[in-house]
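Q: The following block contains the structure, expressed as structure tokens.
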Amino acid sequence: MLGLSVIAGVLATVMVTPAIALTGMAASNTIGIFDSLPEYIEINELQQRNTIYAQKTADPAAGYTAIATVFAQNREEVAWEEVSDFVKDATLAGEDRRFYEHNGVDVQSVIRAAVGNVVSGGIESGASTLTMQLVKNICIQESLKLQGTDEEAFRAEYDSCQESSLERKLNEAKLAINLEKEFTKDEIMLAYLNIAGFGGNTYGIQAAAQEYFNTTAADLTLAQAASLIAIVQEPGARSLKTPDNYAGNQERRDVILGNMLAYDMITQAQYDEAVAIPVDEAFVTPTPPRNGCIAANDYARFFCDYVVRNVANFESLGADAESRLDAWKTGGIDVYTTLNMSLQQVAYDAVLRYAPASETRLELGAVAVSVEPGTGRILTMTQNKLFDNSEVPPGPEYTAVNFNTDRAYGGSSGFQPGSTYKMFTLIEWLNQGRGLREVVDASTFQYPFSAFTDSCNGVDPGQTFKFGNDEGAAGSMDPIQATRRSVNSAFVSMATQLDLCEIRNRAADLGVHRADGGELQTNPSSVLGTNEIAPLTMAAAYAGIANGGQYCEPIMVDRFVTREGEELPGQTPKCDQGIDPEVAAAASFAMGYTMVDGGTAVASNPFDGTPIIGKTGTTDQSKDTWVITSTTEFATAVWVGNIVGNARIRQYQNPEGFWGGELRHRIMREILGAANAQYGGSAFPEPPQRLIRGSGIELPNLIGQSPSQARAILEGLGLRYGEGDTIDSAQPQGTVAATSPAPGSVVGRGLIVRVQLSNGNLATVPDVTSAGYDEAQARAALQGAGFSNIATSCVPINGGADPAREGIVESQSPAAGTSTSRSTLITLGVASDKCGNGGGGGGGGGSPTPTPDPGGG
């Protein structure tokens, strides 16, 4: 030991001779420097691939399928027995022939390097053993952990690992000696083979074998093994990523093969066979690493990107965002996601079919995203553009922007949801105890801002909110009708009776927020859906309604498995009771009407027997079109609209001839059909009667009242009087003839009751048959009621004369009680046994007028 120490001191002095000459440092100081260096280095976990999996179907027992591998470094660690002996021998022959003989520092190599350094006057050769190279690679790997988080520290650390300096060489030597005290030779060589760089982002012998020869480290041939080991000294010049490097690789490979022959590692025949193989396109079988979401399963690339962007939120991977990102960068994690691959394929194919990515007439966008009520698990996430996050995407059909999500997670700024946002007005209406059968005004199309209440931000009384309906509507209707037909005027009328701030709060209670991170707006137009919101957010909100008002944040991971095989929990569902269950039941009841005949979303219904609720939305000029649906098990939002620009979607016709307004429904119907087959769905709970009738006012019967009387009654009830056109009526002229809504309707306070006054043109036909009137008496009664256009017809008395019936009026048309114009012809049926015998008299003399015999009598 004493002798070795002396030799080490001498060798250190020899090695640093050039440094002494340059710096004047005393040779005796070198031993002190050596003693002060660190003594221990660990072979830490190397960066490996993370693999993302999707569930094959709704049933976890059906298994999972890998959809992506994502890694900071393309590496797959292998065990000693998984590496070809050719690789191990080539490593010895090319990098460190006496590896199994030295203790981390090769004395012979040190002497050779020292002589070279003396001659050159600098430190040009460091006599690095395989163990010292491992130390250097460990240093580099540790520095790479700083990349992307602290670039300045990364660059300084990385450069220090590779600088040509005395201190670094001595440091490597001391650490190598101590490393060999901790690990066996085989362990050190395996660590080297797993850590070494093979060009670009490819690390480790397994990844190199896969990328360059489409094989494994265990199955490499002699020529392939030598060619890979030829890379490690100069990856930039000798990697097999480009044909430009093939000649340099072959030259170094052949040197390694020659050494293997000289060291009796291979036979002459093996050498001759291997060296005869040129390093060319026929030899190299490039298999580009499928790293990242750009190389993920075609159906799931945007979902993959969403998962990767959420790593900092995965609590199972670390205590804070930094440690989670570090764990992900180290890799080796299997991520089992919530994605249902079978439904993902259905959704993807439908979106791409009806809204093709190649469309050039407009910037056409489309999305379909689904979540599971009760958990928030994301089941599908698709859009009509193809994922590509490279610096220059290959064409307009590609993008890295995820239209499903918020901007912070790779998304856009969101899209106006239009009438799908009206549900939050309905929910607040019900939350205030109002009813689904309370009639509201639907005839007003402009309101001063002062008609609204906004306890959040106030209103500007000087402005006026003007809007229109997508189609004609009655003057008044209840919220069920308004929801079924998506009537703007009815919902704005409801909003004037509520607080815009509380409508906003009900949306927020169901997880709704702006995609750009801003505050939800509360101006009057927000009632009709002018906030920009991500489709995923809207799908989750509707899932909350379908789940009895319990909102669950969207999640995407069911579980993790570490590189050690330890299973970690995924994202735990985070659910809150956003709205009252009875309110949710009543809202669902109304939303069910949109999915049946007469409803705006009926075209989305596959009619497979599964109960479905939903709502459509169309923004101004049909820039955006939506349909959002939910069963008790599966909620989906479909958006078709302009990515940028203001083209009218309803006027767009896709290559198959389908008009833009129906595309959302065709996409939705295909998804629902497949989803319902897997998940099914149960009936929604019945709403309570209190939310059917509500707290409204039963409209009294105002018929026959004067206008002033009617106004006083209505205003006394908190209603508004509105006068419409006069109508034909039996009521006295100028009195109330009809109201809208009708008497007995339950109406909300503030409703405008449309009153129609009588023009007096109608009269009620009196009863002239029940009292046994003769013709003269009947005429007198009719004329007394204002009817002068009177005719008679003969009613035959069969079986001979009957004095008791003769001349008596037995029928009248119109019937008694009919309100009709005073000029209406009134026909009296008078009984006679002379009908058809020619004995009749004229209509004006009081005698019956016989009806002529059809036979010509």
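Q: Restrict the check to region 662-674 and report whether at least one residue is of a type outside the set (Ser, Thr, Tyr), closer than 26 Å to SER525 by Cα and either at pLDDT below 95 or over 19 Å from the mean Cα position of the chain (by Cα) (or both).
A: Within region 662-674, one or more residues are of a type outside the set (Ser, Thr, Tyr), closer than 26 Å to SER525 by Cα and either at pLDDT below 95 or over 19 Å from the mean Cα position of the chain (by Cα) (or both).
Q: Note down all Cβ pairs under 9 Å where the first residue falls in region 645-660 and is over 20 Å from PHE415 (Cβ atoms) and touching a residue at least 24 places away in the same chain (Cβ under 8 Å), the second is in a loop (DSSP other than H, G, I, E, B) and of a type in the set (S, T, N, Q), and they're at least six residues apart or on different chains.
A: Pairs found: PRO655/SER358.
Q: Considering region 661-698 alone, what residues qualify as being within 30 Å of GLN497 (Cα to Cα) and either without any contact (Cβ under 8 Å) to a residue 24 or more places away in the chain or out of contact with any helix residue (DSSP H, G or I) (no Cβ under 7 Å at 6 or more places or on another chain) (or both)?
A: Listed by number, the residues that qualify are GLN689, ARG690, ILE692, ARG693, GLY694, SER695, GLY696, ILE697, GLU698.
Q: Could you tell me how many of the residues in region 691-716 are farther than 12 Å from PRO743 by Cβ, assigned to a loop (DSSP other than H, G, I, E, B) and out of contact with any Ser or Thr (no Cβ under 7 Å at 6 or more places or on another chain)?
A: Number satisfying all stated conditions: 3.
Q: Given the criterion open to solvent by less than 20 Å² (accessible area, probe 1.4 Å) and at pLDDT 95 or above, identify the matching residue among GLY418, GLY411.
A: The unique qualifying residue is GLY418.
Q: Okay, moving on. In region 391-447, how many residues are of a type in the set (D, E, K, R) and closer than 21 Å to CYS501 by Cα?
A: Residues that pass the stated criteria total 3.
Q: State yes or no: is ASP280 surrounded by fewer than 17 Cβ atoms within 10 Å (Cβ to Cβ) and assigned to a helix (DSSP H, G or I)?
A: It is false that ASP280 is surrounded by fewer than 17 Cβ atoms within 10 Å (Cβ to Cβ) and assigned to a helix (DSSP H, G or I).
Q: Residues that are touching a residue at least 24 places away in the same chain (Cβ under 8 Å), surrounded by fewer than 18 Cβ atoms within 10 Å (Cβ to Cβ) and of a type in the set (D, E, K, R): does region 325-338 have at least one?
A: Yes, the conditions are met somewhere in region 325-338.
Q: Here is a follow-up. Looking only at region 223-232, filter to residues that are touching a residue at least 40 places away in the same chain (Cβ under 8 Å) and part of a loop (DSSP other than H, G, I, E, B); which one of those is most open to solvent (accessible area, probe 1.4 Å)?
A: Here the answer is VAL232.
Q: Another question, if that's okay. Out of THR625, THR632, which single residue is open to solvent by less than 10 Å² (accessible area, probe 1.4 Å), at pLDDT 95 or above and either among the hydroxyl-bearing types (Ser, Thr, Tyr) or touching a His at 6+ places or on another chain (Cβ under 6 Å) (or both)?
A: Just a single option satisfies the conditions, and that option is THR625.
Q: While we're here: Within region 454-480, work out how many residues are in a strand (DSSP E or B), crowded, with 16+ Cβ neighbours inside 10 Å and either out of contact with any strand residue (DSSP E or B) (no Cβ under 9 Å at 6 or more places or on another chain) or at pLDDT 90 or above (or both).
A: Residues in region 454-480 being in a strand (DSSP E or B), crowded, with 16+ Cβ neighbours inside 10 Å and either out of contact with any strand residue (DSSP E or B) (no Cβ under 9 Å at 6 or more places or on another chain) or at pLDDT 90 or above (or both): 2 in total.
Q: For residues in region 731-783 being open to solvent by 40 Å² or more (accessible area, probe 1.4 Å) and among the aliphatic types (A, V, I, L, M), which is farthest from GLY433 (Cα to Cα)?
A: ALA776
Q: Which condition number in (1) more than 19 Å from ALA366 (Cβ to Cβ); (2) surrounded by fewer than 24 Cβ atoms within 10 Å (Cβ to Cβ); (3) touching a Ser or Thr at 6+ places or on another chain (Cβ under 9 Å); (4) hydrophobic (A, V, I, L, M, F, W, C) is the one that ILE643 fails?
A: Among (1) more than 19 Å from ALA366 (Cβ to Cβ); (2) surrounded by fewer than 24 Cβ atoms within 10 Å (Cβ to Cβ); (3) touching a Ser or Thr at 6+ places or on another chain (Cβ under 9 Å); (4) hydrophobic (A, V, I, L, M, F, W, C), ILE643 violates only (1).
Q: Mind checking which residues of region 386-400 are in a loop (DSSP other than H, G, I, E, B), open to solvent by less than 70 Å² (accessible area, probe 1.4 Å) and in contact with a helix residue (DSSP H, G or I) (Cβ under 7 Å, 6 or more places away or on another chain)?
A: ASP388, SER390
Q: Now a separate question. Tell me which residues, restricted to region 481-511, are within 21 Å of ASP620 (Cα to Cα) and not in a helix (DSSP H, G or I).
A: Listed by number, the residues that qualify are SER486, VAL487.
The values are calculated or read from the model by the stated rules, or taken from the named source; none is laboratory data. None of the values given here were measured: they were computed from a predicted structure. Note that each Cβ is placed from the backbone with ideal geometry, even for glycine, and that neighbours are counted across all protein chains shown. Side chains are part of the model used for accessible areas, which takes the heavy atoms of the whole protein and leaves out ligands, DNA and RNA. Shrake-Rupley method; radii C 1.70, N 1.55, O 1.52, S 1.80 Å.
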